[in-house]
1. State, as an integer percentage, the relative contact order of the chain based on alpha-carbon contacts under 8 Å between residues 6 or more apart.
2. Just want the ordering: TRP234, TRP84, from fewest to most Cβ atoms lying within 10 Å of their own Cβ.
3. What is the distance in Å between the Cα centres of the range 203-224 and the range 122-149?
4. Which of the peptides 143-154, 268-279, 197-208 is most tightly packed, and how do the rest follow, judged by the mean count of other Cβ atoms within 10 Å per residue?
5. What value does the range 1-120 have for Rg/Rh, both radii from Cα atoms and Rh as Kirkwood defines it?
6. Given H placed 1.01 Å from N in the peptide plane, which residues other than close sequence neighbours of VAL22 have an amide H under 5 Å from its amide H?
7. With Rg and the Kirkwood Rh both taken from Cα atoms, where does Rg over Rh land for the chain?
8. In whole Hz, what ³J(HN,Hα) sequence does the range 247-258 give by Karplus (6.51, -1.76, 1.60; θ = phi - 60°), x for Gly and Pro?
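Computed from the coordinates by the stated procedures, all read-outs in this text should not be read as laboratory data. For clarity, every value in this text was computed on a predicted model and none was experimentally measured. Cβ placement follows ideal geometry from the backbone for every residue including glycine, while neighbour counts extend to all protein chains displayed.
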Amino acid sequence: MKIVADEKIPFLKNVLEPFADVEYYPGIQIDRNKVKDADGLIVRTRTICNADLLEGTNVKFIASATIGFDHIDTKYCKENNIYWTNVPGCNSGSVMQYIAAAILLYAKEKKIDLSNRVLGVIGVGNVGKKVVHLAEILGLQVVLNDPPRERAEGPCGFVSLNGVFREADIISLHVPLNLSGEDRTYHMVDDKFIERLKTGTLLINSSRGDVIDTSSLKRHLKRGLHCDVVLDVWENEPYIDLELLYDTFLATPHIAGYSADGKANGTKTAIQTLSRFFNLGLNDWEPENIPVPEDSEIIYDGRNKKFQEIVTDLVLHTYNIRNDDRNLRNATSDFELLRGNYPLRREFTTYKLSIKNISSEYRMLLKILGFQID
């Protein structure tokens, strides 16, 4: 058996070698010639799995170690009896950490009390649910927009987009990329969307770059749109719009879900699914020895500090999002290199807190957020 895999998928090497010939390539270089005699593929979003890649090959199985699957032509796969899978929710904790860092840094620099603010979450799936949970811990009020869930579950708990525009001071996008249909999200953020934002809104996109119409957003920002933007995903990656980048509050190279925990979860699910498909006996496989940061044990004194200040200090200790922003601004042509060589980032559950002068309520909130409390 032969497997072709993206070389940047972590924890993968030497796992399948006892069962298959495994060839590793940069995702963007995986082409039909490389996969023509492969039985299975393990890829990321940079490998477009369509007829151009798959026609006339031996491929029977595709695992994408990512939450998205818009790079897979699912119709073609179904018509040609190719089983495909993705890993929804695998990096939801990582994206939640990214959103926490973005919001808390923004509030710190703008001197904003989050208890007086409303977060609008558009798309309340695996990631969106965790962002809602985060918001509740931070003291934000929340409004939710998710038309597919609203149709399935009823209107209770959801608002229209107009409701989001009317109430939200922060809007975070967590939608899939749908190019057409009732729930089309391609260029959801267009002129009409942007014009309805409240003055001072913070707009965060960590979903898919094509959800935002770059030309519309850029045009409004140039005209003095009074809002701030955090972008982790971009149209035309890796060839991103530099004018838009320079107008953002934070700009990062599609790494919101790039914690070591999220990557390990993605690889684990891909391997287990491949194992079940080809009957390899790796159905319970998990990555071992995930690195731990040197500063994973935190001693903290919360004397005379409000919870927002405490949680800001601790979240930014686990992930200083400004470093990723600075790295991209300093090397805009290295978008793929920054992703491929992303430094170690662990989620809250890795960190052990030894804290004093902090209330039992605050301790409980930090524990709910995921920190280990001594």
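1. On the way: 671 pairs, mean separation 52.5, N = 374.
So the answer I get is 14 percent.
2. On the way: TRP234 23, TRP84 20.
Listing TRP234, TRP84 from fewest to most nearby Cβ atoms yields TRP84, TRP234.
3. 21
4. Numbers: 143-154: 15.7, 268-279: 18.7, 197-208: 20.8.
Packing order, densest peptide first, comes out as 197-208, 268-279, 143-154.
5. Numbers: Rg = 19.1 Å, Rh = 16.4 Å.
So for the range 1-120, dividing Rg by the Kirkwood Rh gives 1.17.
6. Those lying under 5 Å, H to H, from VAL22 are ILE3.
7. Details: Rg = 21.3 Å, Rh = 21.8 Å.
Rg divided by Rh gives 0.97.
8. Each residue of the range 247-258 in turn: 9, 8, 6, 9, 9, 9, x, 6, 10, 4, x, 9 Hz.
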